[in-house]
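Colleague: The following block contains the structure, expressed as structure tokens.
The values are calculated or read from the model by the stated rules, or taken from the named source; none is laboratory data. Remember, predicted model here, so these are calculated numbers, not experimental data. Virtual Cβ from ideal backbone geometry, glycine too; neighbours counted across all protein chains shown. In case anyone asks, the SASA skips ligands and DNA or RNA and just uses the protein heavy atoms, side chains included. Shrake-Rupley method; radii C 1.70, N 1.55, O 1.52, S 1.80 Å.
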Amino acid sequence: MAVEQQARGAAGTARRRSRRDEILEIAVGLFAARGYHGVSMDDIGAAAGVTGPALYHHFAGKEAMLAAALIPVSEGLLAGGRERAADHPDDPRGSLESLIDFHVEFALANPAVIALHLHELDRLPDEPRRRIRRLQRMYVEEWVAVLTALHPGLPDGAARVLAHAAFGLMNSTPFLGGEVDRRRRAELLRGATLAALLAPTDPPDTPHAP
């Protein structure tokens, strides 16, 4: 019951959700809590209060639910990342701060979806999995462009290392407890990520042979 309530409350209330949206949110919450293979269509139907035929009216099966949860998220991250990266065309630090704010808000609002990305993406068939991976790579490149502008001379490969390290920080939300309130968690995640990405990136001097 707690999982169902968490899943129902995960989305914002800015628009009226369809029944399909509600079922998908419940499925995401269950997948994140129990693992993909630990949840059956019957489990999802019971949590959503719908019968099997009604459930299959909305989704062909669990794979379709997983794809429906993950593909729009990757598309939204790319679109939002492009917008934030362009917020300050002559100020790479401003663009970086905007990207960090955007991703931290996403991570705090969607811990269950992040857990699915981390642990269940390989459950998808080849085509949707490749599509999501491509969208993810394109999103990373938005960060790479900002980081190489911020740190002149930084190779793209090194910038990708930094970007993925930053995602590791920000995408820690599925593992954070409730002892720190949401506003403070956002502040801590933003501050830690910004500090990591602003740190000097020059390689250490190579020691001279004696």
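Colleague: Which peptide among 161-169, 46-54, 101-109, 178-186 comes first, and what is the full order, when sorted by highest mean count of other Cβ atoms within 10 Å?
Modeller: Ranked by mean Cβ neighbours within 10 Å, highest first: 101-109, 161-169, 46-54, 178-186.
Colleague: Here's something else I'd like to know. When the dipole is taken about the Cα centre of segment 66-198, and only Lys, Arg (+1) and Asp, Glu (-1) are charged at their Cβ, what size is it in debye, to the nearest 20?
Modeller: It works out to roughly 300 debye.
Colleague: May I ask you to work out the translational diffusion coefficient for segment 120-202 at 25 °C, viscosity 0.890 mPa s, via Stokes-Einstein with Rh from the Kirkwood sum over Cα pairs, reported in whole µm²/s?
Modeller: 168 µm²/s
Colleague: OK, next. Along the positive direction of the dipole of the chain (beta-carbon charges: Lys, Arg +1; Asp, Glu -1; about the Cα centre), which of 32, 78, 64 reaches farthest?
Modeller: 64
Colleague: Please compute, over every Cα-Cα pair in the chain, the percentage with a separation greater than 23 angstrom.
Modeller: 52 percent
Colleague: Residues of segment 167-183 with amide nitrogen under 18 Å from the 7 Å Cα-to-Cβ point of residue 118?
Modeller: 167-180, 182
Colleague: Among 26-33, 187-194, what's the highest-first ranking by average C-beta atoms within 10 angstrom per residue?
Modeller: 26-33, 187-194
Colleague: Averaged per residue, what accessible surface does the chain expose to a 1.4 Å probe, in Å²?
Modeller: 55 Å²
Colleague: Then there's this: Once Lys and Arg get +1 and Asp and Glu get -1 on their Cβ, which of 110, 188, 168 lies farthest toward the positive end of the dipole of the chain?
Modeller: In the chain, that residue is 110.
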